[in-house]
Structures are given as structure tokens and as C-alpha cells.
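The values are calculated or read from the model by the stated rules, or taken from the named source; none is laboratory data. Only a predicted model underlies this, so the values are computations on that prediction, with no experimental measurement involved. Cβ: placed from backbone, ideal geometry, glycine included. Neighbour counts: every protein chain shown.
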């Protein structure tokens, strides 16, 4: 059947007039509501108002415009069903063949500071969602368009004769996805903050980009952001360098999370989401040099993160070495010019937005694990050994404890002052992680302090740390062998603190 009528009702009016002009040139009647009709009329197009089409005026200050049998009968009628066509004829309803609709900007509204609940409620679209669902349900007969990016290809197909059934189905899927994300955003707004784990959890995601491949070339991948949530790496701008890869994004996220967790000027170098170097100092360039010195071999090809805008002197230091990516709140003009000389180096700018943790989602077969962020660092530390740490050791222990949260379990870090000197990550036994951290630190293990993400199940880890030259330890405690572990520390003259908080990171 020929396409005769299009109903247009959009919030996002980009590309609207040109598209409608193309429809009109094909002899398609334009029906529109409210602001959409006004925009088309201002563009010089002949438009039939919805209230004229339905014979019923807008009511409730525009809350009800398209919710009418004349509209939805025209959309939902099955053109191959004699009964449906007879109903249209008996009620004087004209078929609607194209629906162009996108929804009120609910997410953008609630993201604005100081928005009241009544203001948010007015941005919950009712008629638009109904239009989209009706048109998508009847996609064999009705073309539904929710994304202005689809206007040109649809118009081209109509000019050539028709839009294929397969293309109509893809557009219908896009419309249902759009309403699903929209409803998920609204559900999240209404859900009480004290109810993070409701019986039914919706997660609205919008694609940022298709990636070249996943973790490995044989895997396909894309990058999605939580709809309406501008935060962290998903909100960062790429200023320079090659296209981001799957692994780049993972490591950049880890680097930004680590660096932004410290208040002093801080630099981190990440490999495979683990920090191979991390330091805080009075200025950014000193922090960078200290982070690099932790493990120069592993730093090659890594991801560098800063919690301050990169200045010229720091950029010059970074430019001496090979990295895949730098992530920071910003870059001074001189720093950007220096780093941009490295053609392939990716530069991400996060801005000064505070990193909000949100919920943590982990995919498992057939489901999702959801948890709150690991933000508790322990406030009631207690010395359990005969010797308590001195002030110098205590400052280093605090730094090490904050750092170990970001290392894959079993996690051990060694620190000298505000600088990591050795990291043992992802080992199957804690003693292996201790020995690896001591090995990485080398001579710098002497006089260092140690942080462990979980308790020591046996005294062997304490003994290995003491042999390496560690003088103080911070760990959660809670092992059935705590007494033996404490005795081993006392025998070696170590100071040891229990935090009562564990930091597994799988």
C-alpha cells in the first residue's frame, strides 16, 4: 500500500524540517502536534494539526495530544486484515504510515542542578512512548523513526520505491530499545536511594562507540555508557591519538579511579588494570617520577593517570617514555602540544567532575552480580603487636592501604613514604604475592611498609616480608591463625595494624 500520511511529534528537532520536506515532496501528508507543527510551519511546510486530524483539542495543558483512537487506530490497523480496514472506514479513521517521534528529555532534566520533582514529572513522556510502541508493534505496515540519524537513509529508500521489511524491523527494534532505556531512567529516578537492589533492576545503556575488537582480535566489542550518567571514563573526551581499544578503556578507567582516590597530587601507571607505579607528592611531576621509579620495566606501554591537570614540566617527563594513553582532568596548552607530538598517544580529559562510584556490575553466565562500591577504608585501626608503628611508618601505611584496594587479589603492596616500591598482584596464594612484591622492590623493600588486601592465613607471609626488610604491616585481620601471625610479627620486631576491613578485588 502507498505511504500517504506521516505523524511527527519530536522533542529533538534536529534534521526535522529537511526530512519533513523530503516526505512532502513524495506527496506524503504531514500531521504534527504542538511545537513540532510550529517548527514545520516556520519551515514553510503545510501541516495538519493533530487536533484537526482527531477532531479533539489538546487538553490538560498539552498533557493529552495524540492519545486518541483516530491516531492509534490509524497506526495499529493491520493493512492485510479486512476487519481492521472495515473498522477504520466505519469510524472515518485514516491510516498513518510513518511515525516520527522522540521523547521528552527526562534524563537531561533530572541531571540539571536544583530540579524539583514536579519539574521532573512533567518530562515523563506518555503520548510519545505510546506512539512509538504502537508503530513499532505494527512495523510491517508503519515506519517508526526515533533517531534523526535514520532520516536520510529512510528518505532515500522511499525515493527509490519502498523501505524493506528488514529495515522496518530494525527501526522497530530501535524504537523499543529507546522506550526501554527511557523507562529505565525514570525507574532509577523513582527508586529510593536506600533500595540499591530492587526485585527488578533495569540498567539503561547507550552506545558510545563500536570498538575495533574486544580484549583480543577475534572478539567483537562496543563501549556503552549509563544513559544520562556523565561520569568517569564514559564522560571523558579524547583529545588526541589513535582510536580507543577495549583494553585501553578498561585500563584508563582503572587509572582514573586510582588517581582520583587521592587528595594530594598523584600519578599512577597501570598495566592490565593493576598499578605498577603509584605515588603522591607536593607536585605532579615529582609524583610521576616516583610512580615511574616503582617499576620502570612494567611501565613501558602502560596507562598513566593523574588527579591534577597536566602541566608542561610533567608532560615533558611523560614524553620521555612510551605509553598508550594518559588520562587526567585536563592539560595545559603547552602540555597538550608536547604530548600531541606523539602521534599514537591517546589523551583523555575527564574534566573536574567528582568520580561517583555508583553500583558495580559483574557479568556472569546467565546473570549479573551487583554490589555497592568498595569505599570503606577502615577507621578503627588497632595495633596488635608489641611495637606500634612510628609516625613515618603510619603515614606510609595509610598510603599503602589506600593503594592496595586497587590491586587484584591476592594483593600485596610495599611503600616507602607516599610511593609504591613493590606490587604483588593476582597470585593464587598470599605468600606468592608477598614474595613477588619483595622481589619487585629489591633493595627498596628494606625499611618499607606492607599492605595486604585480606588477612594472612599463615605466618609465612609475615616471615617473608620480614626477610625482605619490611618494618610495618597493615592488614584486615580475622584469620583463625591471627595469634600465630601476630607472634611472627613480634618475633621479627615488626609493627602490625588490623583494620577490620577487607579489600578483595577479583
_Condition first: part of a helix (DSSP H, G or I) and under 27 Å from residue 124 (Cβ atoms). Can you find one or more residues in segment 53-60 that meet it?_
yes
*Check whether at least one residue in segment 258-270 is in contact (Cβ under 8 Å) with a residue 12 or more places away in the chain, part of a helix (DSSP H, G or I) and either buried (at least 17 other Cβ atoms within 10 Å of the Cβ) or at positive phi (or both), and report yes or no.*
yes
*Taking the condition assigned by TED's automatic domain parsing to the domain that holds residue 11, touching a residue at least 60 places away in the same chain (Cβ under 8 Å) and under 29 Å from residue 120 (Cα atoms), does residue 66 pass?*
yes
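Matching residues to (1) surrounded by fewer than 18 Cβ atoms within 10 Å (Cβ to Cβ); (2) assigned to a strand (DSSP E or B):
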| site | (1), (2) |
| --- | --- |
| 440 | no, no |
| 466 | no, no |
| 474 | no, yes |
| 479 | yes, no |
| 496 | no, yes |
*Would you call residue 445 in contact (Cβ under 8 Å) with a residue 12 or more places away in the chain and in the same structural domain as residue 400 (by TED's automatic domain parsing)?*
yes
*From 187, 175, 162, which residue is assigned to a helix (DSSP H, G or I) and within 27 Å of residue 71 (Cα to Cα)?*
175
*Kindly indicate the residue of segment 420-433 that is touching a residue at least 40 places away in the same chain (Cβ under 8 Å) and under 29 Å from the mean Cα position of the chain (by Cα) and also surrounded by the fewest Cβ atoms within 10 Å (Cβ to Cβ) among those meeting that condition.*
426
*Is one or more of the residues making up segment 75-86 more than 17 Å from residue 141 (Cα to Cα) and either in contact with a strand residue (DSSP E or B) (Cβ under 6 Å, 6 or more places away or on another chain) or at pLDDT 80 or above (or both)?*
no
*Is segment 10-28 home to any residue that is within 15 Å of residue 72 (Cα to Cα) and touching a strand residue (DSSP E or B) at 6+ places or on another chain (Cβ under 6 Å)?*
no
*Report the residue count in segment 89-106 for those that are modelled with pLDDT under 85 and surrounded by 23 or more Cβ atoms within 10 Å (Cβ to Cβ).*
0
*One residue from 204, 198 being outside the structural domain of residue 70 (by TED's automatic domain parsing) and either in contact with a strand residue (DSSP E or B) (Cβ under 8 Å, 6 or more places away or on another chain) or modelled with pLDDT of 95 or more (or both)*: 204
*Residue by residue through segment 34-52, note down the ones that are closer than 16 Å to residue 23 by Cβ and either in contact with a helix residue (DSSP H, G or I) (Cβ under 9 Å, 6 or more places away or on another chain) or outside the structural domain of residue 15 (by TED's automatic domain parsing) (or both).*
36, 37, 39, 40, 43, 44, 45, 46, 47, 48
*Which of the residues spanning segment 341-369 are touching a strand residue (DSSP E or B) at 6+ places or on another chain (Cβ under 6 Å) and at pLDDT below 90?*
359, 360, 361, 362, 368
*Sort out which residues of segment 213-257 are within 17 Å of the chain's Cα centre (by Cα) and on the phi > 0 side of the Ramachandran plot, and write them in order of number.*
228, 232
*Give the residue that is surrounded by the most Cβ atoms within 10 Å (Cβ to Cβ), with candidates limited to residues of segment 321-335 that are outside any strand (DSSP E or B) and touching a residue at least 24 places away in the same chain (Cβ under 8 Å).*
335
*Does segment 112-151 hold any residues that are in a helix (DSSP H, G or I) and on the phi > 0 side of the Ramachandran plot, and which are they?*
none
*Can you name the condition, by its number, that residue 466 falls short on among (1) more than 30 Å from residue 362 (Cβ to Cβ); (2) touching a residue at least 40 places away in the same chain (Cβ under 8 Å); (3) out of contact with any strand residue (DSSP E or B) (no Cβ under 7 Å at 6 or more places or on another chain)?*
(2)
